[in-house]
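Visitor: I have a structure I would like to understand better, so I am pasting it below and will then ask my questions one at a time.
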Amino acid sequence: MTLRVLFAGRPEDREVWSAALRAAAERAGERFALETDPARVDPAAVDVMIVDPKGPVRDFGPYVNLRAALSMWAGVEALLANPTLKAPLARMVERGMTEGMTEYVVGHVMRIHLGMDAHLFAPPGRWDPTPPPLARQRHVAVLGLGELGAAAAEALARLRFVVHGWSRRLRDVPGVICRAGSEGLEETLRAAQIAVLLLPATPATAGIMDARRLALLPRGAAIVNPGRGALIDDDALLAALDSGHVAHATLDVFRHEPLPPEHPYWTHPRVLVTPHIASATRPDTAAEALVAQIGRIARGAPPLHVVDRAQGY
Ligand code: NDP
């Protein structure tokens, strides 16, 4: 039986994604019927849905025979908040997104490590010839060692940073000092001259970087958050930045996006705002991953990377 797949991404994405999906299916030798307009399909006939939380399908109730929803995003909290979506939900794991996130993390950790901002924004004539330390003298922590966190942590370790990693279950990442549990978090934060947040937004991670945890960081530490805005207690971070306990925050994600123009992060001298661009789902590589998932479902196997609803990721 040929699976009927509905691409429920944003209408402006239909053309690029259907071309990428067809090309990937051809390369992989997979066959399925692809629809791109929910208004033109019988919901009961859809087997698999490729879904963007900002796409057109908000009520999944009529899709009574849905075998799986394949998220176009790695972060699934918005889809999990939709009570009508009951089918197994798989999060997006694709090499383009992983590469992009590793590049963002390595780039900003390097920027902070080398003290580049001081030179970029130095007044004319300031000549400070202090060389930066070596990477092997710098402790970097990565909170969250999933697809993205583990890849970024490994890349940092290859650059010889002393990398500490923290996750819910104890992980084994080459070159990384791995810890788990609440004591593990405290130990990890105490070591972190630069802390990178790559945790998902779940009830257990909400506000995890609160005043108490920020205080565990060594004085002068920097934070890089490409994970989710909800991980940080914003008032606590602003207080830690004002006191200088946290020297700098590079923030890509926020509780409300776009970040409202009046938000203090925009003008804070110790904050760099990037507009949720740390990484993105790339149609060419993501289409390969989606076609592989559709192939598994067609053969009766469960999709990979199914979200554990009890854990929220
Ligand atoms: P994964 O699900 O692969 O990994 C999540 C990691 O977080 C795992 O190591 C997991 O632990 C850990 N974790 C989850 N809950 C807890 C907890 N309560 N305590 C300790 N550790 C916990 O996700 P990805 O790596 O694919 O993505 C991470 C996040 O990155 C996404 O959820 C999304 O929010 C964000 N993101 C941001 C983008 C951007 O452009 N800014 C782009 C893409 C993603 P364990 O290993 O034990 O399961």
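Visitor: What residue among Ala289, Leu6, Gly300 has its Cα farthest toward the positive end of the dipole of the chain, where the charges are +1 on Lys, Arg and -1 on Asp, Glu, each on the Cβ?
Guide: It is Gly300.
Visitor: With no solvent and one equal point scatterer per Cα, compute the Debye intensity ratio I(q)/I(0) for segment 95-273 at 0.13, 0.16 Å⁻¹ and report its log10, rounded to two decimals.
Guide: Calculated log10 I(q)/I(0) at the listed q: -0.62, -0.95.
Visitor: Percent relative contact order of segment 94-183, based on C-alpha pairs within less than 8 angstrom and at least six residues apart? Numbers along the way, then the final one.
Guide: Details: 112 pairs, mean separation 21.3, N = 90.
Relative contact order of segment 94-183: 24 percent.
Visitor: Which value does Rg/Rh take for segment 207-295 over its C-alpha atoms, Rh per Kirkwood?
Guide: When Rh is taken as the Kirkwood radius, the ratio is 1.12.
Visitor: While we're on this one: Which residues does the label zone of Ala180 cover in segment 125-163, counting backbone N under 12 Å from a point 7 Å along Cα→Cβ?
Guide: 145
Visitor: If each residue of separation counts as 0.36 nm, what is the full-extension length gain between Trp266 and Arg158 once their alpha-carbon separation is subtracted?
Guide: On the way: separation 108, 0.36 × 108 = 38.88 nm, distance 3.31 nm.
Extra length available between Trp266 and Arg158 comes to 35.6 nm.
Visitor: Counting only C-alpha contacts under 8 Å and six or more residues apart, can you give the relative contact order of the chain as a whole percent?
Guide: About 18 percent, as a whole number.
Visitor: Tell me, what HN-Hα J-couplings in whole Hz come from the Karplus equation 6.51 cos²θ - 1.76 cosθ + 1.60 at θ = phi - 60° for each residue of segment 72-82, using x for Gly and Pro?
Guide: Values, residue by residue: 7, 10, 6, x, 10, 4, 5, 6, 5, 6, 8 Hz.
Visitor: Next question, about the same structure. What is the dipole size for segment 95-273, taken about its Cα centre, with +1 at each Lys and Arg Cβ and -1 at each Asp and Glu Cβ, in debye to the nearest 20?
Guide: 540
Visitor: Determine the gain in length on full extension of the stretch Glu30-Glu12; use 0.36 nm per residue of separation and subtract their C-alpha separation, reporting nm with one decimal.
Guide: Taking Glu30 through Glu12 to full extension adds about 4.0 nm, to one decimal.
Visitor: If you don't mind, there's one more thing I want to ask. At a Förster radius of 41 Å, what calculated FRET efficiency corresponds to the Cβ-Cβ distance of Arg219 and Ala23, to the nearest 0.05?
Guide: Given R0 = 41 Å and the Cβ-Cβ separation, E is 0.20.
Visitor: While we're looking at this one, here's another question. So what is the accessible area of segment 95-273 per residue, in Å², with the probe set to 1.4 Å? If you can, show how the numbers build up before the last one.
Guide: Details: 8660 Å² over 179 residues.
Spelled out: the 1.4 Å probe surface of segment 95-273, per residue, equals 48 Å².
Visitor: When the chain is modelled as a GNM with alpha-carbon springs shorter than 10 Å, which of Leu148, Leu134, Leu21 fluctuates the most?
Guide: Comparing Leu148, Leu134, Leu21 in the GNM, the peak value goes to Leu134.
Visitor: Also: Would you work out the relative contact order for segment 95-273, in percent, from Cα pairs under 8 angstrom that are 6 or more residues apart?
Guide: 16
Visitor: Name the longest site-free stretch of the chain, where the excluded sites are trypsin sites (Lys or Arg not before Pro) in a DSSP loop with no more than 14 other beta-carbon atoms within 10 Å.
Guide: Longest site-free region, per DSSP loop and neighbour criteria: 170-218.
Visitor: Also, quick follow-up: Whole number please: convex hull volume per residue, Cα atoms of segment 15-168, in Å³.
Guide: On the way: hull volume 28.1 nm³, N = 154.
Taking the convex hull of the Cα positions in segment 15-168, it is 183 Å³ per residue.
Visitor: For segment 147-201, evaluate the Debye formula with one uniform point scatterer on each Cα (no solvent term) and list log10 I(q)/I(0) at q = 0.17, 0.20, 0.24 Å⁻¹, rounded to two decimals.
Guide: For segment 147-201 at q = 0.17, 0.20, 0.24 Å⁻¹, log10 I(q)/I(0) is -0.47, -0.66, -0.97.
Visitor: Taking the Cα atoms of the chain alone, what are Rg (to one decimal) and Dmax (as a whole number) in Å?
Guide: Just the Cα atoms of the chain yield Rg and Dmax of 21.3, 72 Å.
Visitor: Once neighbouring chains are kept in place and the probe is 1.4 Å, which whole percent of the accessible area of the chain is contributed by carbon and sulfur? Let's see the in-between values first.
Guide: Working: 8330 of 15210 Å².
Summing carbon and sulfur atoms, their accessible area is 55 percent of the total for the chain.
Visitor: Continuing with the same structure: Compute the FRET efficiency between Asn82 and Trp127 as 1/(1 + (r/R0)^6), taking r as their Cβ-Cβ distance and R0 = 45 Å, and round to the nearest 0.05.
Guide: On the way: r = 57 Å, r/R0 = 1.26.
Rounded to the nearest 0.05, the efficiency is 0.20.
Visitor: List residues of segment 58-92, by number, whose backbone nitrogen lies under 18 Å from a label position 7 Å along Cα→C-beta of Arg299.
Guide: So the set is 68.
The values are calculated or read from the model by the stated rules, or taken from the named source; none is laboratory data. What you see is a predicted model, and the numbers here were worked out from it, not measured in a lab. Heads up, the Cβs are rebuilt from the backbone with ideal geometry, glycines too, and the neighbour counts pull from every protein chain shown. For the accessible areas, the whole protein counts, side chains as well, though only heavy atoms, and no ligand, DNA or RNA atoms are used. Shrake-Rupley method; radii C 1.70, N 1.55, O 1.52, S 1.80 Å.
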